[in-house]
1. What strands (runs of 3 or more DSSP E) lie completely within segment 155-271 and have 1 or more residues being basic (Lys, Arg)?
2. Checking Ala93 against (1) small (Gly, Ala, Ser); (2) in contact with a Leu (Cβ under 7 Å, 6 or more places away or on another chain); (3) exposed (fewer than 14 other Cβ atoms within 10 Å of the Cβ), only one condition comes out false. Which one?
3. For segment 162-188, which residues satisfy the criterion of being over 28 Å from Leu84 (Cα atoms) and surrounded by fewer than 18 Cβ atoms within 10 Å (Cβ to Cβ)?
4. If Phe191 satisfies every condition in (1) surrounded by fewer than 20 Cβ atoms within 10 Å (Cβ to Cβ); (2) within 15 Å of ligand 2 (Cβ to nearest atom); (3) among the aromatic types (Phe, Trp, Tyr); (4) at negative phi but one, which is the exception?
5. Residues to consider are Ile249, Ile179, Ile214, Ile152; find the one that is within 15 Å of ligand 1 (Cβ to nearest atom), under 22 Å from the mean Cα position of the chain (by Cα) and among the β-branched types (Val, Ile, Thr).
6. Among the residues of segment 197-211, are any acidic (Asp, Glu), more than 27 Å from Glu134 (Cα to Cα) and over 19 Å from the mean Cα position of the chain (by Cα)?
7. Consider Glu10 carefully, then state whether it is at pLDDT 95 or above, outside any strand (DSSP E or B) and acidic (Asp, Glu).
8. Check whether at least one residue in segment 162-180 is touching a residue at least 40 places away in the same chain (Cβ under 8 Å), aromatic (Phe, Trp, Tyr) and more than 14 Å from ligand 2 (Cβ to nearest atom), and report yes or no.
Amino acid sequence: MDFISIDNLEVFANHGMFEEEVNLGQKFLVSVKLFFDASAAGKKDDLTLSVNYAKVAADITEWMKTNRCRLIETVAQRLAHRLLCDYPIVREAEVTVKKPWAPIGLPLECVSITITRKWHTVYLSLGSNMGDREKYLNDALDILGKENEIRIIKTSQFIETAPYGKTDQDDFLNAAVKIETLMSAAELLEFIHKAEESEGRVRKEHWGPRTLDIDILLYDDLVIDEDDLVIPHPDMHNRDFVLRPLNEIAPNAMHPVLGRSVSLLLKELDR
Ligand code: X6L
Ligand code: MG
Ligand code: MG
């Protein structure tokens, strides 16, 4: 991917662990690489299709001076998130924060941290079969949309489905949603669990009725198999109530284990 970079932008600011760092301030050097597709700007010779590095440098300077973090890790992460949110065409940000005057009493040139953060593409399945099901699904979309580290890209229709697995319960309303997020898969899972809880979900019986269920189906092309987190969702290819809404918004999304598209998985399930 294309990127613009800013190297060693000098900013005097007050981040640090020690009192004198906070009180007196010190020099920081900030470098960023912002990854995006520069071809449209290159073709049209139009700055509005690109990233204005003068504005980025001014934003970094302003942010560095108006915030106080103990760790350069925190400085780098918050700056990365800020740039990824404020410049929507940027897909990925590499941020380096250097402290050339780190007060550790030894003759070093510099200490620094470098991090990379990016927008991850994720597909979620939503379900509800208690109370005002439509409200629960809309609440889920509100909660997702309000979070800074999440942007909703596409939402399917809500469809009514017969209960699968444990069949002696009320019908479901199901949907699929495509989001982009700065969260890791584990962070997203934790966020989802809190959202379910805030919508009054209580886990009594396994597979029992629920106000709101949010499942991670696909996270980029990530494959993980841990006790509390399995991606892709291990049973998604067997579930019509998952594949039908997902096929509406992402027929060409690929299952990284089965190596087949959502539309093909749905066709195979129909047979
Ligand atoms: C054997 C034993 C075969 C259990 C399948 C399948 C269990 C699916 C649980 C299974 C088995 C599930 C929804 C639902 C549930 C939903 C619809 C589950 C978890 N959630 N039915 N059933 N929509 N239509 O969101 O999916 S319970
Ligand atoms: Mg589920
Ligand atoms: Mg679930």
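1. Values: elements: 159-161, 172-181, 213-219, 224-226, 229-231.
Those strands (runs of 3 or more DSSP E) span 172-181.
2. The number of the failed condition is (3).
3. Step one: list which residues in segment 162-188 are over 28 Å from Leu84 (Cα atoms), which gives 162-174.
Hits for segment 162-188 are Ala162, Pro163, Tyr164, Gly165, Lys166, Thr167, Asp168, Gln169, Asp170, Asp171.
4. The failed condition is (2).
5. Among Ile249, Ile179, Ile214, Ile152, only Ile214 is within 15 Å of ligand 1 (Cβ to nearest atom), under 22 Å from the mean Cα position of the chain (by Cα) and among the β-branched types (Val, Ile, Thr).
6. The answer is no, given that none of the residues of segment 197-211 is acidic (Asp, Glu), more than 27 Å from Glu134 (Cα to Cα) and over 19 Å from the mean Cα position of the chain (by Cα).
7. Spelling it out, it is not the case that Glu10 is at pLDDT 95 or above, outside any strand (DSSP E or B) and acidic (Asp, Glu).
8. no
The values are calculated or read from the model by the stated rules, or taken from the named source; none is laboratory data. These numbers come from a predicted model, not from an experiment. When we count neighbours, we look across all protein chains shown, and the Cβ atoms used for this are built from the backbone with ideal geometry, even at glycine.
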